[in-house]
1. Can you tell me which of 103, 99 is in contact (Cβ under 8 Å) with a residue 24 or more places away in the chain, buried (at least 22 other Cβ atoms within 10 Å of the Cβ) and not in a strand (DSSP E or B)?
2. Among the candidates 271, 260, 305, which residue alone is surrounded by fewer than 23 Cβ atoms within 10 Å (Cβ to Cβ) and in contact with a strand residue (DSSP E or B) (Cβ under 7 Å, 6 or more places away or on another chain)?
3. I'm told residue 291 meets every condition in (1) touching a residue at least 12 places away in the same chain (Cβ under 8 Å); (2) surrounded by fewer than 23 Cβ atoms within 10 Å (Cβ to Cβ) except one. Can you identify the failing condition by its number?
4. Condition test on residue 69, is it in the same structural domain as residue 164 (by TED's automatic domain parsing), within 20 Å of residue 182 (Cα to Cα) and outside any helix (DSSP H, G or I)?
5. Mind checking which residues of the stretch 403-453 are closer than 22 Å to residue 359 by Cα and assigned to a helix (DSSP H, G or I)?
6. Considering only the stretch 119-136, I want to know if a residue exists there that is crowded, with 24+ Cβ neighbours inside 10 Å and part of a strand (DSSP E or B).
7. Looking only at the stretch 327-372, count every residue that is outside any helix (DSSP H, G or I) and in contact with a helix residue (DSSP H, G or I) (Cβ under 8 Å, 6 or more places away or on another chain) and tell me the total.
8. Which one of 174, 180, 221 is on the phi > 0 side of the Ramachandran plot and either in contact (Cβ under 8 Å) with a residue 24 or more places away in the chain or surrounded by 24 or more Cβ atoms within 10 Å (Cβ to Cβ) (or both)?
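The values are calculated or read from the model by the stated rules, or taken from the named source; none is laboratory data. All of these numbers come straight from a predicted model, not from anything done at the bench. Every residue, glycine as well, gets a Cβ built from its backbone with ideal geometry; the counts of neighbours run over all protein chains shown.
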């Protein structure tokens, strides 16, 4: 398919001839430089993107800083109502945003529609719960009043990943704006178009400067993190990029509050007492083959199967993934699309080759799709299942961020838990068993910030999502708790009757 693209979001036009602008101080702006953006599934030109440079970022931060006092003074109720209205506008245009994201990332249209709709829902929930951001009174003395209140940082610098563009835009701006901050968002340079479209939807709703979008490369991200007016940083991406954010923040000479949502090499631990067909379906779901081609930090890419059920589960998994329909992202029948770029495709294929050299066996996939599918022009990788994976091998220790599942076998639960915890990551984990004692005790022993029992890759609004170890700092998606994370606590102490004595 990949036919016509002719969309308008307020002042922003998106088609194959247009230059997608930045969004600064309430209006579109063309940057001094731009880059062509090609559909990863076809290689076809999608649009020309404005590419922010440090000067553009400085202008966006200045606009955000100028808008911050009035936005803060607007009050929680009014801010929440405006954010809820923006959520409704996004929901009303979700089909158009999903098409943009599908073409921009290579992921299936249905998956992008679902994740975008979830983003709009979470944005609206943030707007609704902000009024519950309470301070406290503390009985520190018998006569005085001792109060706390939450106040915004001012300007928030947000940096998002490419795999869920609309969802991440909603997540990165919602809590921060509701808390009374203004935002400068740098979406991924690989998938930035929908973020600009969402900003354009807010043009008559958010005062100029409250929301700014500056697509760009590493220099734009560094400029945003280092800017002295940006005290709060929220980042989603890889561990190396998260470390770079920390280094840049440190080198800025300014104290900054940084949260990082990073990668994972997440275990799914399957005990012997499960229904093997149910477990096999969960293995496929947990890998996100049909959502983002495995390009998800939460994918359960290491499956630890009890030896007694391993053969049957692997057989069912292979049968399922080999039946998946690979295709162009805007084809409604497509179940699995392409990776985000040719460069990433080659990285993933190289990791598969290294896994085989380390002794792993490819039981499904392992390369590009069959040429008969006509997908040679895109960044496609067939869904891949590896067995005979050693727990200390590169493929078992390193995040692939692609459609590659590693299967490990075990007989002793203590040893299996040790293997599950043996990586540097600690984002998600999943336990499958009908034994409630085993389920709870195993969950307690897993080094991960987000654990499922008899479920996988389901995120729940209001439940904190975040990683341990190298998988990040802080949590997201927790509604009121997340809004609090975009505030500073101020204590106010009132000496009652002091002037009358």
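1. Selected residue: 103, the only one of 103, 99 that is in contact (Cβ under 8 Å) with a residue 24 or more places away in the chain, buried (at least 22 other Cβ atoms within 10 Å of the Cβ) and not in a strand (DSSP E or B).
2. 271
3. Status for residue 291: all satisfied but (2).
4. So residue 69 does not fit the description; no.
5. 415, 416, 418, 419, 420
6. No; the residues of the stretch 119-136 include none that is crowded, with 24+ Cβ neighbours inside 10 Å and part of a strand (DSSP E or B).
7. Number satisfying all stated conditions: 21.
8. Working: 174 fails: on the phi > 0 side of the Ramachandran plot; 221 fails: on the phi > 0 side of the Ramachandran plot.
Going through 174, 180, 221 in turn, just one is on the phi > 0 side of the Ramachandran plot and either in contact (Cβ under 8 Å) with a residue 24 or more places away in the chain or surrounded by 24 or more Cβ atoms within 10 Å (Cβ to Cβ) (or both): 180.
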